[in-house]
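Reading through the structure tokens given below for one structure.
Coordinate-derived values only; no laboratory data. All of these numbers come straight from a predicted model, not from anything done at the bench. Backbone-built Cβ (ideal geometry, glycine too); neighbour counts: all protein chains shown.
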Amino acid sequence: MIASLSDRQRKMLLFLLERDTRTTARQLATRFGVATRTVRYDLEYLRTALKGTGLHLVARPRSGLWIEGEPDRREAVINLVRSVSPPLPTDAVERKHRLALELLTHDDGLALTMLGETLACSRTTVLRDLEEVARQLGTYGLRLERGRGRVRVVGPEQERREALVRLLVETLEPEALLQVGRGVAPGPHWETAGGSNRDAGWAQLSAVVHRAEEALGRKFTDESFVSLVVHLEVTLQRLSAGHEITMPAARLSECPTLPRAYYPSPAITWPRCASASWRSARAPCCS
């Protein structure tokens with residue numbers, strides 16, 4: 001069950017396993033840059049994941065949270081969690097990509113210490129990388145806001161999604177890009193952005209884009225096809241996280257009307273037409 005945990009949930013589990021003292025849901029929420037209710041939701045997954053390991057997650061009012069179990073069992077689970085976690089960045093370019101993804105997917109921001117631990121680098125390196133990440137996100141109309149040892153991305157939802165898609169597509173290896181086109185999950189790096197790594201979900205999204213090709217009577221380039229699949233996944237993730245995603249009426253009117261059969265679920269929202277600076281990821285209505 002540990003392998004099915006999200007990247008954030010694995011980090012939370014490691015944090016609890018490596019602590020000698022108790023913590024609280026509020027402290028976890030601050031550390032991981034999420035709401036307290038999200039922490040409580042994650043803790044239920046952790047309880048399930050620990051079944052059969054000999055360890056137990058304990059939560060008591062006014063006492064806090066901690067994990068009980070023998071030291072040897074605890075060490076075994078720590079090693080298991082580390083073995084299924086996404087690999088650490090291997091160079092500066094990959095590290096900055098990972099930094100941008102972490103910030104884009106944590107709406108409430110992250111502590112600099114947490115970013116340093118996630119990227120296995122010093123606070124000084126994080127601060128230096130943030131300068132370049134700020135310039136990169138600025139091209140999408142986004143900015144970084146810092147304060148009290150934390151940093152978060154500020155800007156419109158549409159631009160946040162556009163930046164996420166672009167970074168994710170750039171991060172994927174050529175073979176992973178081909179796999180996405182075949183409806184296969186891109187691998188562990190995708191979980192960094194909170195996305196699904198289940199082949200079934202990616203196959204459904206790939207099928208949606210194929211049906212759009214059929215309806216429009218044209219074939220997308222490989223780059224456009226992959227970008228659209230990734231854009232749909234990002235959009236669904238943002239919707240499931242409670243974000244409101246809309247398309248202006250003027251923009252919507254530019255898109256062709258497709259038969260109802262081509263929209264398998266009302267939960268799927270087509271991505272907006274990308275700007276001219278990103279033609280390779282344009283939506284069908286702009287092709």
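Counting other Cβ atoms within 10 Å as a rough exposure proxy, the listed residues Asp107, Asp222 run Asp222, Asp107 from fewest neighbours to most. Taking amide hydrogens as placed 1.01 Å from N in the peptide plane, the amide H of Gly109 sits under 5 Å from those of Val153, each at least 5 positions away in sequence or on another chain. Charge tally around Val153: other residues with Cβ under 15 Å, Lys/Arg +1 each, Asp/Glu -1 each, net +1. Highest-first packing order for the peptide set 138-147, 38-47, 237-246 is 38-47, 138-147, 237-246, based on the mean count of other beta carbon atoms within 10 Å. Excluding Arg62 itself, what net charge comes from residues whose Cβ is under 14 Å from its Cβ, given Lys and Arg +1 and Asp and Glu -1? Here the count lands on +3. FRET efficiency for the Arg37 to Arg218 pair, using the beta carbon distance and R₀ = 45 Å, is estimated at 0.55. In order along segment 9-23, the Karplus-derived 3J(HN,Hα) couplings, from 6.51 cos²θ - 1.76 cosθ + 1.60 at θ = phi - 60°, round to 5, 5, 5, 5, 5, 4, 4, 5, 5, 8, 8, 9, 10, 7, 9 Hz, and Gly and Pro are given as x. Cβ crowding within 10 Å, taken as a proxy for footprinting-reagent exposure, orders Met114, Met247 from fewest neighbours to most as Met247, Met114.
Each other residue within a Cβ distance under 12 Å of Ala29 adds +1 if Lys or Arg and -1 if Asp or Glu, for a net charge of +3.
Between segment 127-180 and segment 1-57, what is the C-alpha centre distance in whole Å? The distance from the Cα centre of segment 127-180 to that of segment 1-57 comes to 26 Å. Going from the fewest other Cβ atoms within 10 Å to the most, the residues Val84, Val180 appear in the order Val84, Val180.
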